[in-house]
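Structure first, then comments.
Nothing in this text is a laboratory measurement; each read-out follows from the coordinates by a stated rule. Every value quoted in this text rests on a predicted model; they were computed, and no experiment measured them.
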């Protein structure tokens, strides 16, 4: 993870990091190969409860099946991914892990991924 792809928050996105609100993140390809990754609706979000990562709802809506992420040397801007974390009964800030899993183009068995931990506020 985080070797071929990287997720980062950029100041120009003005993310509030509030529960049930949209969050935009920057995804870049650190490899020299094209990466295919799923639509925003399939980006996974996890919280850690009692030492165990548990998946929470990503309440983003969309219909694109997959995205193409070109290597940074070919397309330096990367891409924006969007999530809407929905954590029930959130009363205090909590760290969530955002995970994107994809694969190299024409190499579906070669999985690559990236994650970013962010603090979500109630």
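If you work out volume of the Cα convex hull per residue in Å³ from the coordinates, which of (i) 104; (ii) 142; (iii) 314 do you get?
Identified label for the calculated read-out: (i).
For the chain, modelled as a Gaussian network with Cα springs under 10 Å, which listed residue fluctuates most, 51, 78, 62?
Comparing 51, 78, 62 in the GNM, the peak value goes to 51.
Of the candidates 25, 90, 70, which one comes out as most mobile in a Gaussian network treatment of the chain with C-alpha springs shorter than 10 Å?
90
Identify which of 91, 47, 34 has the largest mean-square fluctuation in a Gaussian network model of the chain, with springs joining Cα atoms closer than 10 Å.
91
Which shape class, rounded, prolate or oblate, goes with segment 66-122 when its Cα gyration tensor gives a ≥ b ≥ c as root eigenvalues, a/c under 1.5 marks rounded, and past that a/b bigger than b/c marks prolate?
Because a/c hits 1.5 or more and a/b exceeds b/c, segment 66-122 counts as prolate.
If you count the DSSP beta bridges with both ends in the chain, what percent of them are antiparallel, to the nearest 5?
The answer is about 95 percent antiparallel.
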